[in-house]
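Below is one structure, written out as structure tokens; the observations come after it.
The values are calculated or read from the model by the stated rules, or taken from the named source; none is laboratory data. For clarity, every value in this text was computed on a predicted model and none was experimentally measured. Cβ placement follows ideal geometry from the backbone for every residue including glycine, while neighbour counts extend to all protein chains displayed. Keep in mind that these areas ignore ligands, DNA and RNA; they rest on the heavy atoms of the full protein, side chains included. Shrake-Rupley method; radii C 1.70, N 1.55, O 1.52, S 1.80 Å.
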Amino acid sequence: MGKAAITLTVNGAEADGLVEPRRTLADFLREDLALTGTKLGCEQGVCGACTVLLDGQAVRSCLLFAVQAQGASVTTVEGLAASEDFDALQKAFSDNHGLQCGYCTPGVLMTTRALLDTLSSPSENEIREALSGNICRCTGYHGIVEAVKELTAAQA
């Protein structure tokens with residue numbers, strides 16, 4: 001099977017590529033666009049490390065083919081870092097020890113961004129539910145949840 005031409009918006013800039021139809025969005029982002037903030041963990045959609053925003057929705061980029069993102073807008077953790085909200089998010093995670101090894105952090109940050117775009121003041125249960133699809137083996141989640149709670153309290 002031949003390659004397919006795709007055009008999408010990644011972190012606010014147009015990105016073009018020529019990809020095999022079976023190439024995942026995660027691989028396209030990491031290998032073709034050198035956006036290595038998106039991590040690959042389980043490659044089965046379970047761990048959440050590859051979470052990106054696709055047209056504003058948190059999705060597992062390891063489960064999507066790049067061709068499925070044709071014409072869409074994708075935000076990776078690199079794009080999140082360019083936003084005004086990122087400094088507050090970074091500070092909250094740092095202040096609450098919401099990260100350790102950092103492998104899960106990009107996916108957690110993208111999930112958090114999608115949550116806060118949907119709910120400006122989520123309850124602790126809503127935070128935990130939203131983050132339940134992100135596996136973190138280091139933090140025990142307490143610091144992550146506290147970081148999100150602090151961030152929403154500061155924005156209220």
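Put simply, when 29-37, 117-125 are sorted by average Cβ atoms within 10 angstrom per residue, most first, you get 29-37, 117-125.
Test of understanding: express the Cα radius of gyration of the chain as a ratio to 2.2 N^0.38 Å, with N the residue count.
Numbers: Rg = 15.5 Å, N = 156, 2.2 N^0.38 = 15.0 Å.
Dividing the Cα radius of gyration by 2.2 N^0.38 Å gives 1.04.
Against the main long axis of the alpha-carbon atoms of the chain, helix 142-155 sits at an angle near 80°.
Computed over all pairs of different Cα atoms, the Kirkwood value for the hydrodynamic radius of the stretch 4-79 is 11.9 Å.
Cβ under 15 Å from residue 110's Cβ, residue 110 left aside: what net charge do those residues give with Lys, Arg +1 and Asp, Glu -1? It would help to have the intermediate numbers written out before the result.
Details: positive: 30, 39, 60, 113; negative: 55, 78, 85, 117.
The answer is 0.
Taking each DSSP H run with n ≥ 4 as -39500 (n - 2.57) and averaging over every residue of the chain yields -10000 deg cm²/dmol at 222 nm. Between residue 128 and residue 57, the modelled labels are 2.7 nm apart [label points 7 Å from Cα along Cα→Cβ]. Highest average first, the peptides 144-154, 57-67 ordered by how many other beta carbon atoms sit within 10 Å of their residues are 57-67, 144-154. Look at where the Cα atoms of the stretch 97-156 and of the stretch 25-63 average out, and the two centres are 18 Å apart.
Partner lysines whose Cα lies under 18 Å from the Cα of residue 39, excluding those fewer than 8 positions away in the same chain, are not found.
One decimal place: the segment residue 20-residue 100 gains 25.2 nm when fully extended, by the rule 0.36 nm per residue minus the C-alpha distance. Under the simplified labelling scheme, the residue 142-residue 40 pair shows an inter-label distance of 3.5 nm, with each label point 7 Å from Cα along Cα→Cβ. Among 68, 121, 92, whose Cα sits farthest toward the positive end of the charge dipole of the stretch 44-156 (+1 at Cβ of Lys/Arg, -1 at Cβ of Asp/Glu, about the Cα centre)? About the Cα centre, the residue reaching furthest to the positive side is 68.
Taking every pair of Cα atoms in the stretch 110-156, average 1/r, invert it to obtain the Kirkwood radius, and report Rg/Rh to two decimals. Can you show the working numbers first?
On the way: Rg = 10.0 Å, Rh = 10.7 Å.
My calculation of the ratio gives 0.93.
Expressed as a whole percent, the accessible area of the chain that falls on carbon and sulfur atoms is 49 (1.4 Å probe).
Placing dummy labels 7 Å off each Cα toward the beta-carbon, the span from residue 31 to residue 7 is 2.5 nm.
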